[in-house]
Structure formats: C-alpha cells, structure tokens
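Student: Next up is a structure, given as structure tokens.
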Amino acid sequence: MTRRSISRRGFFAGVGLTGATAVITSCGSDSEAAGSMASDKNGTSPQADSAGLATEDTKIAFDGEHQAGIQTAPQTHALLVAYNVRKEQRSAKGLQRIMRIWTGDARNLAQGHTPLADLESELAMAPRNLTITVGWSPRLISDAKLSDKLPGWIENNRDGLPKFKGDQLTEDFSDGDLVLQICGDDLTAVSHAARVLTRGCRDFVTPKWSQRGFIDSPTGETPRNLLGFKDGTAIPRSKEEYDDAVWDELGGSAMVVRRVVYDMPEWEALDRSSREVVFGRSIETGAPLGGTEEFDEVDLNAVNEQGLPMIDPHSHVGLTAGEGTHMRRRAYNWDGEVTALGSTGLIFICFQDDPDTAFTPLQKRLAEGDRLNQWVTHVGSAVFWCPAGTPEGGYWGQDVLEG
Ligand code: HEM
C-alpha cells in the first residue's frame with residue numbers, strides 16, 4: 001500500500017497500539033468525530049504549561065448559527081490555506097466527504113480535543129482562541145452542480161472576481177477551490193491545525209497557496225497595519241448590521257481575499273502629515289481628519305480655514321466612507337524576508353452577503369481613484385462562499401450537500 005493510498009481508517013490499523021488507542025479513545029470513528037464532540041462554550045480555564053506558567057486556554061465555540069472566524073474579534077495570527085480539489089472529488093458527494101472530515105477535525109481542534117489520527121495531541125491541547133473557517137470557490141460549486149441552491153453572485157463569479165485596474169495578480173496567491181482560514185492567538189496551535197487538516201484530506205485535495213498574517217496582540221484597541229494606521233475601525237458592530245450586510249439568506253457569507261504588497265521605500269519618503277492625507281485619518285488616534293476621536297463620524301464636508309476639504313475626496317477614506325458597515329473587514333499584516341525593497345503588505349479579507357454589491361463596486365472605485373494606489377499593488381485575489389455554521393454534530397454545508 002503506498003502512503004498516498006492509506007485511508008484514514010487504514011492509517012489506524014497501521015499505527016502502534018498505544019497511539020491508536022489514544023486517538024480512538026478521544027475521537028471515535030470518522031463519522032462520530034464529525035458528530036459527537038460536545039462544543040464547549042466560550043470560556044477560559046487557566047492551565048499550567050510545562051514551565052509551570054499559567055496559560056490561558058481559551059476556546060471559541062465551534063458550532064453556531066454562523067461559522068466562527070468571521071464576526072470573531074481578530075486573533076493575533078492567521079494562516080490561510082487554499083486547496084485544489086482532485087477531479088474525481090468535484091461533486092456534491094466528494095465535497096461532502098471532505099467537509100465531514102474537516103468539520104470533525106476542526107471541531108476537535110477548536111475545543112482542544114485530539115483530532116482523529118493525530119499523534120501530536122499535545123499540540124492540540126491549548127487552542128487559544130483557534131477558529132477554522134471554510135470557504136468553497138464558485139468554480140467548485142458550479143462543478144459540483146450546487147449553484148442553483150446558493151446565492152446568485154456565485155455563478156456570476158464562476159471565474160473569480162473581475163480584474164481591476166492595476167491588478168498584478170499571480171497564481172501563487174490567487175483562486176483555489178477551497179480555503180481554510182485558521183486564526184488563533186498561538187502560532188503553534190494554528191500551524192498544527194493546518195497540518196492536521198491538510199493531512200486529513202490529502203487523498204482529496206492538494207494545497208494551492210498559503211498566506212500567513214499577523215496583527216498586534218489583542219488589547220481591545222483596533223490593530224495597526226504596517227503603514228502605521230489603525231485598520232478595522234469602521235466595521236459592522238451590531239447584530240442588525242451583520243444580518244443586514246454580512247450573512248446571506250442561508251446564514252453563509254462571501255469571503256474575499258486580496259494580497260496587497262506595499263512599496264515601503266516610496267511610502268517612507270512621505271512625511272507623516274502626507275501619509276495622513278493619503279488615508280484621511282490621523283495616524284496617532286485613528287480619528288478622521290477634522291475629528292478628534294477614532295470613532296468620530298467621517299465628515300466629508302468638513303473644510304479647513306482655506307475652505308479646502310479636511311478629508312481629500314481621493315484619500316482612502318474619502319472613497320470608502322460609509323461602506324465600513326457594508327462588509328466585515330478582517331485584515332492581517334504579512335511580512336517576508338527583509339529586503340531592500342521591504343517585503344510587507346496586507347492580506348485584505350472581507351466578508352459580506354454579496355460581493356457584487358459590496359466588494360466589487362468599491363474596489364472598482366478604489367482601483368480607479370485611490371491615492372493609496374501609488375504605494376500598494378494587489379498581487380493575489382480569491383473569492384469563496386463560506387457555508388453557515390454547524391449545529392452540534394453537523395458538518396459544514398450539510399444542508400446544501402444533502403438537501
Ligand atoms: C490596499 C490596502 C489597504 C489598506 C492599507 C487599507 C487601510 C484602511 C484604513 C487604515 C482604513 C481606516 C480605518 C478603518 O476604518 O479601518 C480603511 C478603511 C476602509 N477600507 Fe481599507 N485598506 C486597504 C484596502 C481596502 C480595500 C481593497 C477595500 C475594499 C474594496 C477597503 C475598504 C475599506 C472600507 C470599507 C473602509 C471603511 C470606510 C469607512 O466606512 O469609514 N480597503 N482601510
């Protein structure tokens with residue numbers, strides 16, 4: 001039997017008794033794994049790590065009306081992994097198989113339980129706010145003949161989002177059939193989760209791209225991007241705003257991922273107040289120019305003593321003002337090896353009920369007129385439909401795949 005052809009159950013038969021017993025005790029069978037794990041509610045239970053230090057083992061409920069990782073306050077780390085689905089699995093049945101396995105593993109990982117066939121259970125014990133969010137691409141949905149059951153934007157974007165002015169997209173960060181957004185406050189737990197999930201479906205999917213992101217440690221303050229600005233001020237906050245703009249009629253959401261590269265040397269040639277003009281907000285406080293506090297309303301009519309607008313109409317906020325509550329932005333910083341050019345940027349992630357009315361028209365406007373374009377380039381683009389959340393024991397997309 002080749003390594004590739006070992007099934008999850010076959011893998012069990014092959015592991016030593018101690019390992020197998022440990023895994024079986026904590027997980028049961030494949031289908032049970034997707035079905036039987038009780039979901040702990042959000043809560044903290046201080047534990048002691050091996051050095052005797054108290055660590056906070058915080059868990060975010062996995063099951064719920066909507067998937068975790070969308071409304072959830074951004075954790076410190078994000079790892080996005082996109083996969084292509086093998087030809088023979090591009091059907092509702094194939095997708096069902098993958099979703100069953102991934103849901104079981106993701107539910108276990110989020111709750112600090114050992115996933116099926118995981119021999120490194122220590123790495124799963126402290127999830128530290130781990131969330132795992134899945135998305136399906138329009139092309140996969142279409143190939144699996146599921147478009148009729150799902151929101152109309154999916155068929156309109158069968159070949160991905162439209163191309164925008166200035167895009168310099170590379171396949172290295174674009175498209176993919178499935179995505180897993182894995183976020184958490186502990187990088188080891190995030191990395192382990194990615195490994196478990198990738199291994200769990202290796203017979204059905206192959207990784208296409210991955211992107212690692214980070215933000216500053218949660219302090220309750222809006223995190224800053226690597227250009228120095230608070231990023232994530234104007235977002236939906238209330239249940240009404242989420243119902244109105246983020247969740248579709250099935251309880252799902254459309255996820256847009258754009259990888260943006262910053263031109264740091266050019267950006268750093270600007271003085272601080274010029275940088276503020278580019279965004280239309282204060283670096284220090286995050287307040288809209290003309291205001292004093294971060295959450296002051298953006299007033300595009302405010303003028304200075306010379307009668308000039310306080311917020312340049314072509315600044316980033318000049319062009320996006322009022323759109324903040326129409327999408328849930330959840331951006332992460334990225335950086336790579338340090339080079340003279342500075343390899344940093346943003347993984348822009350946003351969730352909305354319909355990208356045809358939220359992301360796409362806004363990005364068109366930005367691509368054509370945003371002052372910021374001089375210092376940023378979009379190099380990756382992907383769009384996915386994220387199914388609704390799971391009831392206890394259910395699996396991702398079950399209603400759609402079995403209905
Ligand atoms: C290119 C990299 C980008 C950077 C560095 C960036 C940064 C920022 C910053 C600093 C703010 C102000 C603070 C806030 O409300 O969060 C902001 C606001 C906003 N951005 Fe971006 N952004 C980028 C790309 C995008 C893209 C691609 C879109 C969507 C097409 C977008 C949509 C928005 C929206 C809707 C707001 C809130 C506007 C409001 O209602 O006040 N941004 N962005």
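Student: Can you send over the solvent-accessible area of MET327, 1.4 Å probe, protein chains only, in Å² to the nearest 10?
Tutor: Ignoring ligands and nucleic acids, MET327 comes out at about 10 Å².
Student: From Cα pairs below 8 angstrom and at least 6 apart in sequence, can you work out the relative contact order of the chain, rounded to a whole percent? Mind dumping the intermediate values first?
Tutor: Numbers: 835 pairs, mean separation 95.6, N = 403.
Relative contact order comes out at 24 percent.
Student: Would you work out which of PHE214, TRP396, PRO288 lies farthest towards the positive end of the dipole of the chain, given +1 charges on the beta-carbon of Lys and Arg and -1 on that of Asp and Glu, about the Cα centre?
Tutor: TRP396
Student: Tally Lys/Arg at +1 and Asp/Glu at -1 over every other residue whose Cβ is under 15 Å from the Cβ of ASP167; what's the total?
Tutor: That sum, taken over residues with Cβ under 15 Å, equals 0.
Student: Just to be sure I understand: with springs between alpha-carbon atoms less than 10 Å apart, which residue in ASP118, ASP296, ASP263 has the highest mean-square fluctuation in the Gaussian network model of the chain?
Tutor: In this elastic network of the chain, the residue with the biggest mean-square fluctuation among ASP118, ASP296, ASP263 is ASP296.
Student: With the crude spin-label approximation of a point 7 Å out along Cα→Cβ, what separation in nm comes out for GLN306 versus LEU187?
Tutor: Taking the two extended label points, one gets 4.6 nm.
Student: Can you tally the lysine pairs in the chain where the Cα-Cα distance is under 24 Å and the two residues are eight or more apart, or on different chains?
Tutor: Lysine pairs satisfying the spacing and distance rule in the chain number 15.
Student: Using the crude model of +1 on Lys and Arg Cβ and -1 on Asp and Glu Cβ, and no other charge, please compute the dipole size for the range 207-293 relative to its Cα centre, in debye to 20.
Tutor: The dipole of the range 207-293 has a size of about 360 debye.
Student: Still on this structure: Could you check which residue among SER174, SER274, SER91 shows the biggest mean-square fluctuation in a GNM of the chain with a 10 Å Cα cutoff?
Tutor: Largest GNM mean-square fluctuation: SER274.
Student: For the full complex of protein chains and a 1.4 angstrom probe, list LYS165, LYS230, LYS208 by accessible area with the highest value first.
Tutor: So, going from the largest accessible area down, we get LYS165, LYS208, LYS230.
Student: Just how many % of Cα pairs in the range 308-403 lie over 19 Å apart, if you round to the nearest whole percent? Provide the component values of the computation, followed by the final result.
Tutor: On the way: 2648 of 4560 pairs.
The calculated P(r) of the range 308-403 puts 58 percent of pairs beyond 19 Å.
Student: I would also like to ask the following. Give, in nm to one decimal, the length gained when the segment between GLU402 and VAL338 is fully stretched (0.36 nm per residue of separation minus the Cα-Cα distance).
Tutor: That pair, GLU402 and VAL338, stretches by 18.2 nm at full extension.
Student: A follow-up question, please. Which net charge results for the neighbourhood of THR219, defined as the other residues with beta-carbon distances under 14 angstrom from its beta-carbon, given Lys and Arg at +1 and Asp and Glu at -1?
Tutor: Around THR219, the surrounding residues sum to -2.
Student: Given the protein chains as shown and a 1.4 Å probe, how many square angstrom of ASP159 are accessible, to the nearest 10?
Tutor: That residue has around 120 Å² of solvent-accessible surface.
Student: For the chain, modelled as a Gaussian network with Cα springs under 10 Å, which listed residue fluctuates most, GLY336, GLY176, GLY94?
Tutor: Result for the chain, Cα springs under 10 Å: GLY336 fluctuates most.
Student: By the scheme Lys and Arg +1, Asp and Glu -1, what is the net charge of all other residues having a beta-carbon under 11 Å from that of SER282?
Tutor: Result for the local shell: -1.
Student: Tell me, what is a quarter of the convex hull surface for the C-alpha atoms of the range 74-194, in nm² with one decimal?
Tutor: Reported value for the Cα convex hull: 9.0 nm².
Student: If DNA, RNA and ligands are ignored and the probe is 1.4 Å, what is the ranking of GLU305, GLU284 by accessible area, most exposed first?
Tutor: Working: GLU305 175, GLU284 130 Å².
Largest to smallest exposure gives the sequence GLU305, GLU284.
Student: Which order do PHE214, PHE348, PHE229 take by accessible area at a 1.4 Å probe, largest first? Intermediate values should be presented prior to the final figure.
Tutor: Values: PHE214 65, PHE348 40, PHE229 5 Å².
Greatest to least solvent exposure: PHE214, PHE348, PHE229.
Student: Would you kindly state how much longer the chain becomes between ASP159 and GLU221 on full extension, computed as 0.36 nm times their sequence separation minus their alpha carbon distance, in nm to one decimal? Write out the running numbers ahead of the final one.
Tutor: Details: separation 62, 0.36 × 62 = 22.32 nm, distance 3.77 nm.
Answer, rounded to one decimal: 18.5 nm.
Student: Multiplying the sequence separation of ASP296 and ARG86 by 0.36 nm and subtracting their Cα-Cα distance, what value in nm do you get?
Tutor: Additional length available on full extension: 70.6 nm.
Student: Enter the Cα centre distance for the pair the range 154-194 and the range 324-403, rounded to the nearest angstrom.
Tutor: The two parts, judged by their Cα centres, are 8 Å apart.
Student: I would also like to ask the following. Which FRET efficiency, nearest 0.05, do SER238 and THR377 yield, Cβ-Cβ r, R0 25 Å?
Tutor: Once rounded, the FRET efficiency stands at 0.10.
Student: Right, here's the next one. Which residue, PHE229, ALA193, ALA254, has the largest displacement toward the positive end of the dipole of the range 188-283 when charges sit on each Cβ (Lys, Arg +1; Asp, Glu -1)?
Tutor: ALA193
Student: A further question on this structure: If you put +1 on each Lys and Arg Cβ and -1 on each Asp and Glu Cβ, how big is the dipole of the chain around its Cα centre, in Debye rounded to 20? Could the numbers behind the result be given before it?
Tutor: Working: 40 positive and 58 negative charges, 365 e Å.
Dipole magnitude for the chain comes out near 1760 debye.
The values are calculated or read from the model by the stated rules, or taken from the named source; none is laboratory data. These numbers come from a predicted model, not from an experiment. Methodologically, a virtual Cβ is constructed for each residue, glycine included, from the backbone with ideal geometry; neighbour enumeration extends over all protein chains shown. Quick note on the areas: whole protein, heavy atoms, side chains included, nothing else; ligands and nucleic acids left out. Shrake-Rupley method; radii C 1.70, N 1.55, O 1.52, S 1.80 Å.
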